[in-house]
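Before any comments, here is the structure.
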Amino acid sequence: MPVTALTRLDAERADAASLLERHSAHVIYKHSPYCSLSFIAEQQVRRYADVEASLPVTLVDVIGQRAMSNAIEAATGVRHESPQVLLVRDGRVAWHTSHRGVTMTALTGATTQGSSGA
C-alpha cells in the first residue's frame, strides 16, 4: 500500500479530526524534510508500506504542513516529535513512537498485534 501525502487543501484546512477519522485504522507518519533521522525513518515507513502494510499510511510534512502537525498534536494529546508515527484506530491514537523507534519492525508489530497502549 503506498504512502499518501496530504493534499495541499487537507493541510491548509488543518482539520485533524477529519484526518484521524479518515479510516477506521491507519498510520500517520510525521516527517521533517530537513532532518537526516527523518530521512532514515521515512525509508522504514515506506518499506513497511511496500512490504507489510495492510493499513493506509499518510505522510504529514511537519515543516510545510505545520498547521496540520500542530492540530494533530492538539487533537491527540501526543506531544509532537519528528520523525513520529501514530497508529490510529477509530479516531484515537492506539500506539505511537518517534525518532529511532520508527522502524519497519516496530510498525509491523504495532499494526499486526493491534497494539492498544501508547
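The values are calculated or read from the model by the stated rules, or taken from the named source; none is laboratory data. Remember, predicted model here, so these are calculated numbers, not experimental data. So basically every Cβ, Gly included, is an ideal-geometry build from the backbone, and we count neighbours across all protein chains shown.
What about R89, is it basic (K, R) and out of contact with any strand residue (DSSP E or B) (no Cβ under 9 Å at 6 or more places or on another chain)?
Details: basic (K, R): yes; out of contact with any strand residue (DSSP E or B) (no Cβ under 9 Å at 6 or more places or on another chain): no.
Judged against the criteria, R89 is not a match.
Only one of (1) over 13 Å from the mean Cα position of the chain (by Cα); (2) touching a residue at least 24 places away in the same chain (Cβ under 8 Å) is not met by Q113, so which one is it?
(2)
Considering only strands (runs of 3 or more DSSP E) fully contained in the stretch 1-107, which possess at least 2 residues that are touching a Pro at 6+ places or on another chain (Cβ under 7 Å), surrounded by 20 or more Cβ atoms within 10 Å (Cβ to Cβ) and touching a residue at least 24 places away in the same chain (Cβ under 8 Å)?
So the answer is 25-31.
Is at least one residue of the stretch 52-64 at pLDDT 95 or above, within 20 Å of M1 (Cβ to Cβ) and not hydrophobic (A, V, I, L, M, F, W, C)?
For the stretch 52-64, residues at pLDDT 95 or above, within 20 Å of M1 (Cβ to Cβ) and not hydrophobic (A, V, I, L, M, F, W, C): absent.
Look at Q113 and say whether it is buried (at least 17 other Cβ atoms within 10 Å of the Cβ) and of a type outside the set (V, I, T).
Values: buried (at least 17 other Cβ atoms within 10 Å of the Cβ): no; of a type outside the set (V, I, T): yes.
Taking the combined requirement at face value, the residue does not satisfy it.
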